[in-house]
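Encoded as structure tokens, the structure appears first; notes follow it.
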Amino acid sequence: MSRIELKDLRKEFGNTVAVNDLNLTIEDGEFIVLVGPSGCGKTTTLRMIAGFEDPTSGQIELDGKIVNDLEPRDRDLGMVFQSHALFPHKNVADNIVFGLRMQNVGKEEQLKKLHEVSELVRISHLLTKMPGQCSGGESQRIALARTLVTEPSNFLLDEPLSSLDAKLRRELRAECDRLHAELQKTFVYVTHDQEEAMTLADRIVVMDLGEIVQMGSPIDIYSDPVSYFVADFFGNPAMNLIEGEFFKEGDGIEFRSDSFNVSVPASYNNMTPGKGTFGIRPENVNVSSSKGDGSRKIGLVEPLGKDTLLYFETTATRPFVAIVDGTESYSAGEPVELTFPDENMFLFDSNGDRIRS
Ligand SMILES: Nc1ncnc2c1ncn2[C@@H]1O[C@H](COP(=O)(O)OP(=O)(O)O)[C@@H](O)[C@H]1O
Ligand SMILES: [Mg+2]
């Protein structure tokens, strides 16, 4: 049983504030994913939890006990890094049991655990090989096994799959999911990959510039982002985000930009007009055959099988994207009409904060 609490946790490197007074409670058995762009403080947070980095201020508690001064080996944590530094001159089996030997676990017990854990991550056939003879995916499994075998209460994983190709990443992602379900331990998983976060997490913690900007279930984060930053970060293809200005029009509000003018739903009538951003996810754009006036030409058609992506040129750097059913047929240059359901619109003010209806 293990619960991790971070209280006003802070880390400065010279003038850089890597982690800015973080407050986070990770419940026992939870799969939590820290996600955010490179440099936002994910690794530093994880290394402080693990004990490899001393906080500048603040507290780390494990099950209610302050562990700031505890050595990494006394924290009952297992850490898996992005680079899976295996001992090159030891075979796979010896790599895996290394931690057990350090703990003076008896030979028989070592063997028993070695075989259990090898079955769990499906590497029993590799035990006599040398690390140099193993593929990237196999090495990552071995690194996992090496951590699992010591049976820590918490697992800390720092971009463990980022060096692998897309297919292998998906495969091992499913493996992580399965391990979590089987072991029922606490997992703290760090990634810059929004898709990995969405598929793995019980709860996502979105970080930017050393701070938590939003926490919630994957679906909460996707459907109810608190800011432009979060809206832009999650989703592939990303949300269409159009810079423009909100104007008062009679009782209502009208959004105008170089590429789109949109009547904002009446529920926003009390908002403050001014510069801002209009957002709509590609899957929420309704595409219909052109009735003349509001028509725009399809720039590019990208069939993906189940879905088709339609791209529209705008004055923005990113094209506007709509997702339509793969069975519908469209061609480049064809004029169509785009409409946006009221309930799927996202509005952001000039600071990037979400405007609520
Ligand atoms: N040992 C260090 N010395 C100086 N600056 C560091 C050190 N480690 C990290 N940083 C800085 O702290 C910030 C957060 O880094 P990091 O936690 O590695 O981010 P992430 O893992 O999210 O990419 C970055 O600006 C990084 O340059
Ligand atoms: Mg990192």
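How large is ³J(HN,Hα), in whole Hz, for each residue of the range 56-66 in order, when computed from phi with the Karplus curve 6.51 cos²θ - 1.76 cosθ + 1.60 and θ = phi - 60°, using x for Gly and Pro?
These are the phi-based 3J(HN,Hα) values: 5, 7, x, 10, 10, 10, 10, 6, x, 9, 5 Hz.
Measure nothing but the geometry: give the 0 to 90° angle between the long axis through the Cα atoms of 166-183 and the longest principal axis through the Cα atoms of the chain, rounded to 10°.
The answer is roughly 60 degrees.
Show me, bin by bin at 5 Å from 0, the whole-percent P(r) of the range 237-355 based on Cα pairs.
With 5 Å bins starting at 0, P(r) equals 2, 11, 21, 24, 18, 12, 8, 4, 1, 0.
Using a 7 Å offset from the Cα along the Cα-to-Cβ direction at both Glu108 and Glu254, what is the distance between the two label points in nm, to one decimal?
My value for the distance between the label points is 8.5 nm.
Relative contact order for the chain: what percent, with Cα pairs under 8 Å and sequence separation of 6 or more? Intermediate results must be reported in sequence, preceding the final value.
Numbers: 717 pairs, mean separation 55.9, N = 357.
Relative contact order here is 16 percent.
If the cut-off is a Cα-Cα distance under 17 Å, which aspartates and glutamates reach Lys11, setting aside same-chain residues fewer than 8 apart in sequence?
Counting by Cα, and skipping residues close in sequence, Lys11 has these aspartates and glutamates nearby: Asp21, Glu53, Asp54, Glu61, Asp69, Asp208, Glu211.
In whole Hz, what ³J(HN,Hα) sequence does the range 112-125 give by Karplus (6.51, -1.76, 1.60; θ = phi - 60°), x for Gly and Pro?
Using θ = phi - 60°, the values come out as 4, 5, 4, 6, 4, 6, 5, 5, 4, 9, 6, 10, 4, 6 Hz.
What do you get for GluC sites (Glu not before Pro) in the range 1-93 restricted to DSSP loop and a cutoff of at most 16 other Cβ within 10 Å of the site's Cβ?
Details: sites: Glu5, Glu12, Glu27, Glu30, Glu53, Glu61; in loops: Glu27, Glu30, Glu53.
Hits after loop and neighbour filter: Glu27.
Could you name the lysines whose alpha carbon sits less than 20 Å from that of Lys248, not counting residues in the same chain fewer than 8 places away?
Straight-distance partners of Lys248: Lys275.
What residues qualify as long-range amide H neighbours of Thr56, i.e. H under 5 Å apart, gap of 5 or more or another chain, H built at 1.01 Å from N?
Here Arg10, Lys11, Glu12 satisfy the definition.
Take the Cβ-Cβ distance between Glu116 and Asp28 as r, set R0 to 22 Å, and report the resulting FRET efficiency rounded to the nearest 0.05.
0.45
Using label points projected 7 Å from each Cα along Cα→Cβ, tell me how many nm separate Ile66 and Thr16, to one decimal.
With each label point 7 Å from Cα toward Cβ, the separation is 2.8 nm.
Using alpha-carbon positions, what is the distance between the centroids of the range 117-143 and the range 37-80, in Å?
Spelled out, the Cα-based centre of one part sits 28 Å from the other.
Going by C-beta contacts inside 10 Å, put Val105, Val35 in order with the fewest on the left.
Listed from fewest to most nearby Cβ atoms, that is Val105, Val35.
Place a label point 7 angstrom from the Cα of Ser357 along the Cα-to-Cβ direction, then list the residues of the range 211-225 whose backbone nitrogen is under 16 Å away.
It comes to 223-225, nothing else.
List Lys297, Lys113 from most exposed to least, where exposure is judged by having the fewest other Cβ atoms within 10 Å. List each step's numbers first, then the result.
Details: Lys297 12, Lys113 20.
Listed from fewest to most nearby Cβ atoms, that is Lys297, Lys113.
To make sure I understand, if each residue's beta carbon is the centre and we count other beta carbons within 10 Å, what order do Arg75, Arg3, Arg356 fall in, fewest to most?
Numbers: Arg75 21, Arg3 17, Arg356 10.
By the 10 Å Cβ count, ascending: Arg356, Arg3, Arg75.
With each label point set 7 Å from Cα along the Cα-Cβ vector, what nm distance links Arg73 and Arg178?
A separation of 3.3 nm, rounded to one decimal place.
Provide Rg and Dmax in Å for the range 163-280, with only Cα atoms included in the calculation.
18.8, 60
Which Rg and Dmax, in Å, describe the Cα atoms of the range 65-162?
13.5, 43
What shape does the range 133-173 have by the C-alpha gyration tensor, where a ≥ b ≥ c are the square roots of the eigenvalues, rounded means a/c under 1.5, and otherwise prolate means a/b greater than b/c and oblate the rest? Could you put the intermediate results ahead of the total?
Working: a/c = 2.65, a/b = 1.56, b/c = 1.70.
Note, shape of the range 133-173 comes out oblate.
Write down the Å³ per residue value for the convex hull defined by the alpha carbon atoms of the chain.
For the chain, the hull spanned by Cα atoms encloses 171 Å³ per residue.
Given the -39500 (n - 2.57) contribution per DSSP H run of 4+ residues, what per-residue ellipticity at 222 nm results for the chain, rounded to the nearest 500 deg cm²/dmol?
-7000 deg cm²/dmol
Read-outs throughout are calculated quantities, based only on the coordinates presented, and are distinct from any laboratory measurement. On a predicted model such as this, the values are computed, not experimentally measured, just so you know. In this analysis, Cβ positions are derived from the backbone assuming ideal geometry, glycine residues included, and neighbour counts consider all displayed protein chains.
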